[in-house]
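Enquirer: One structure follows; several queries about it will come next.
The values are calculated or read from the model by the stated rules, or taken from the named source; none is laboratory data. Since the model is a prediction, treat every value here as computed from it, not as a measurement. Note that we place each Cβ from the backbone using ideal geometry, even for glycine, and neighbour counts take in every protein chain shown.
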Amino acid sequence: MSAAEAGGGGRLGRAAMLPALLTGWLVLLWALPHAGPLFAGLAPAGAPAVYTRSPLLMLALNHLLLVGVACTIALGLGLGTAIAVTRGAGAAFRPLVESLVALGQTIPPVAVLALAVPMIGFGAVPTIVALVLYGLLPVLQTALAAFDGTPPQLKEAAAGMGLSSGQMLRQLELPLAAPLVLAALRTSAATAMGTATIGSVVGASTLGDPIIAGLVGSNPAFVVEGCIAVAATAIAVDAVLRQLERASRRR
């Protein structure tokens, strides 16, 4: 078997694994509420062993929606800011922008929620604000590094072909930066998957619901069930983003 055939077979195998992984994730979310005997030893006497107030699949979809919206905003803001501060007059603001974004990363998510709720109210929006603050730094730093790392000879060749700065950005810099930015987005999404669980404290519907219910009701079974659901969903999201990252590298 040639190296090309082996590489092609490997790509097909990885592509086939993704549907299987997503199917396994769905089956797990369906099965957890029916796994009472597995968690019975963790539940207090007389307390339910599994969380049944809301379907886990519905909570997972709400969780994914929050993370997806936040990561999309972080991606747009991070890329847009990186473009602005790596060319023209915007370069003078680069140190300030990097410091401000890094400062936002140091604020605890709970503090962000506590500050946002009085101004925005309860629900999903304060959670999205917290997730954006935490997801922005990896995207911005990676985009800056990617733009800085564009080979000068390629820029010179593009300019020699008559490409404008906008065309050079669209046809050269962004395609080269895409794999790195998608890798940073994977990092942001992984962080957001865990951080989004605290949104349940302010009324957002997430996979944090069983965890918070377990902590409030001193029921470790709920906490374990919620943690398993969050971890499985994070693995599924990471697999999808990894596939997108690999696809961007092959282009």
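Rundown of residues vs (1) touching a helix residue (DSSP H, G or I) at 6+ places or on another chain (Cβ under 7 Å); (2) of a type outside the set (Val, Ile, Thr), yes/no style:
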position	(1), (2)
Ala35	no, yes
Phe39	yes, yes
Val50	yes, no
Met58	no, yes
Leu66	yes, yes
Ala70	yes, yes
Ile73	yes, no
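Enquirer: Something else about it: Are any of the residues in the stretch 204-226 among the polar types (S, T, N, Q), touching a His at 6+ places or on another chain (Cβ under 7 Å) and either surrounded by fewer than 16 Cβ atoms within 10 Å (Cβ to Cβ) or in a helix (DSSP H, G or I) (or both)?
Expert: Within the stretch 204-226, not a single residue is among the polar types (S, T, N, Q), touching a His at 6+ places or on another chain (Cβ under 7 Å) and either surrounded by fewer than 16 Cβ atoms within 10 Å (Cβ to Cβ) or in a helix (DSSP H, G or I) (or both).
Enquirer: Right, here's the next one. Among (1) farther than 19 Å from Thr187 by Cβ; (2) at pLDDT 90 or above; (3) in contact with a Pro (Cβ under 9 Å, 6 or more places away or on another chain); (4) not acidic (Asp, Glu), there is one condition Ala74 misses while meeting the rest; what is its number?
Expert: (1)
Enquirer: Could we say that Leu77 is at negative phi and crowded, with 17+ Cβ neighbours inside 10 Å here?
Expert: Criteria not met by Leu77.
Enquirer: Taking Ala89 as meeting all but one of (1) touching a helix residue (DSSP H, G or I) at 6+ places or on another chain (Cβ under 6 Å); (2) within 30 Å of Thr150 (Cβ to Cβ), write down the number of the exception.
Expert: Every condition holds for Ala89 apart from (1).
Enquirer: Being assigned to a loop (DSSP other than H, G, I, E, B) and touching a residue at least 60 places away in the same chain (Cβ under 8 Å) is true for just one of Ala82, Ala60, Ala43. Which residue is that?
Expert: Ala43
Enquirer: Say we look at the stretch 125-175 and pick out the residues that are β-branched (Val, Ile, Thr) and assigned to a helix (DSSP H, G or I); which of these is surrounded by the most Cβ atoms within 10 Å (Cβ to Cβ)?
Expert: Filtering first and then ranking leaves Thr127.
Enquirer: Here's something else I'd like to know. Give me the pairs: first residue in the stretch 92-107 and among the β-branched types (Val, Ile, Thr) and part of a helix (DSSP H, G or I), second residue surrounded by 12 or more Cβ atoms within 10 Å (Cβ to Cβ) and modelled with pLDDT of 85 or more, beta-carbon distance under 7 Å, and six or more apart or on different chains, which are they?
Expert: Listed pairs, sorted by first residue: Val97/Thr81; Val97/Val85; Val101/Leu136; Val101/Leu137; Val101/Leu140.
Enquirer: Let me ask something else about it. Could you list, in sequence order, the residues of the stretch 113-129 that are at pLDDT below 90 and either within 18 Å of Ala189 (Cα to Cα) or touching a Gly at 6+ places or on another chain (Cβ under 7 Å) (or both)?
Expert: Phe122, Gly123
Enquirer: For the stretch 165-221, how many residues meet the condition of being more than 16 Å from Ser54 (Cβ to Cβ) and under 14 Å from the mean Cα position of the chain (by Cα)?
Expert: Qualifying residue count, the stretch 165-221: 15.
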